[in-house]
Amino acid sequence: MIMKGKKGLIVGLANNKSIAYGIAKACADQGAEMGFTYLNDALKKRVEPIAAELGSTKVYKLDVGDEADMDAIASLIEKDFGKIDFLVHSVAFAPKEALSEPFMKTTKQAFQIAMDVSVFSFIDLTNRLTPVMSEDASVLTLSYLGGPKYIANYNVMGVAKAALEASVRYMAVEMGAVGRRVNAISAGPIRTLAAAGIGDFKQILNWNEINSPLKKNVTIEQVGNSAMYLLSDLASGVTGEVHYVDAGYNVMGMAAVEKDAEGKSVLCWDAAEK
């Protein structure tokens, strides 16, 4: 099995519909041993059964905004695992009003919260866990097309993802000096708890399905398998990358077109509506 003997930490798993679950499941299926974090007691009740399903009893409270939690996590990991071979960061947050109001109405406080939770937590957590990482460890975070491109209603989270992707590149250089790798997965739209906060998300799903080269949306299983590859030794020569798993939608420069009954080109969206 590809991940046999590998040990890792999954940060930000919320339920069995989340991308983090897809990643954890793919890694577990390939023999990895993992620990999981939970934000609070309410989420602990969700995470513990998932950890058990995936063969783990190691769950840790970790609020990335809580200094006590962040100070404690490395020693907890060292106690239970010694060294870990991979880290998955699946944490992002922006206040609701920062996603519903126009981007230029974003308040300073909302901007700082989005950047702190969604970006700095990745840098900070990696720094704190570096002492308990193996020499060839792999670090992975989750991005979205709303970072490099404009996506309606993504607003301040798009700016945060752009900063996150830039962080991946800078971290890859610094961590690469000792053989560790840093990458990101940019997944297509998926119905997750996090996606529930994005306005008109159903329309985004429909648009991606109609206009992506593969004419479908991706699943957490597909994202999980790609992430497992990046975390494994199969990707030992890959770092600093933002790997798209979005049915190819990111390559599109305009909406796809089809021919109508009269042989005229029409947008796939328009054709679907008819």
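The values are calculated or read from the model by the stated rules, or taken from the named source; none is laboratory data. In this text the structure is predicted, and so the values were computed from the model without any measurement. Cβ atoms come from the backbone with ideal geometry, glycine included; neighbour counts cover every protein chain shown.
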> So which residues in the range 128-150 are outside any helix (DSSP H, G or I), over 16 Å from the mean Cα position of the chain (by Cα) and hydroxyl-bearing (Ser, Thr, Tyr), if there are any at all?
Replying inline: Ser134, Tyr150
> Before we move on, is Tyr170 among the hydroxyl-bearing types (Ser, Thr, Tyr), modelled with pLDDT under 95 and more than 17 Å from Ile23 (Cα to Cα)?
Replying inline: no
>> On the basis of being surrounded by 23 or more Cβ atoms within 10 Å (Cβ to Cβ), of a type outside the set (Lys, Arg) and either over 25 Å from Val245 (Cβ atoms) or out of contact with any Ser or Thr (no Cβ under 9 Å at 6 or more places or on another chain) (or both), does Tyr38 make the cut?
In response: yes
> Can you tell me which residue in the range 93-127 is farthest from Gly31 (Cα to Cα), limited to those that are part of a helix (DSSP H, G or I), of a type in the set (D, E, K, R) and modelled with pLDDT under 95?
Replying inline: Glu97
>> I need the full set of residues from the range 33-62 which are within 21 Å of Ser232 (Cα to Cα) and either in a helix (DSSP H, G or I) or in contact (Cβ under 8 Å) with a residue 40 or more places away in the chain (or both), in order please.
In response: Glu33, Gly35, Ala51
> Looking only at the range 63-92, which residues are in contact with a Gly (Cβ under 9 Å, 6 or more places away or on another chain) and in a loop (DSSP other than H, G, I, E, B)?
Replying inline: Val64, Ser90, Val91, Ala92
> Asp116: acidic (Asp, Glu) and either out of contact with any strand residue (DSSP E or B) (no Cβ under 8 Å at 6 or more places or on another chain) or under 16 Å from Val242 (Cβ atoms) (or both), yes or no?
Replying inline: yes
>> Among the residues of the range 47-60, are any of a type in the set (D, E, K, R), surrounded by 15 or more Cβ atoms within 10 Å (Cβ to Cβ) and more than 18 Å from Gly224 (Cβ to Cβ)?
In response: yes
> Do we find that Asn153 is under 20 Å from Ile19 (Cβ atoms), assigned to a loop (DSSP other than H, G, I, E, B), more than 12 Å from the chain's Cα centre (by Cα) and in contact (Cβ under 8 Å) with a residue 24 or more places away in the chain in this structure?
Replying inline: yes
> When only residues in the range 201-255 that are in contact with a Pro (Cβ under 9 Å, 6 or more places away or on another chain) and exposed (fewer than 14 other Cβ atoms within 10 Å of the Cβ) count, which is modelled with the lowest pLDDT?
Replying inline: Met252
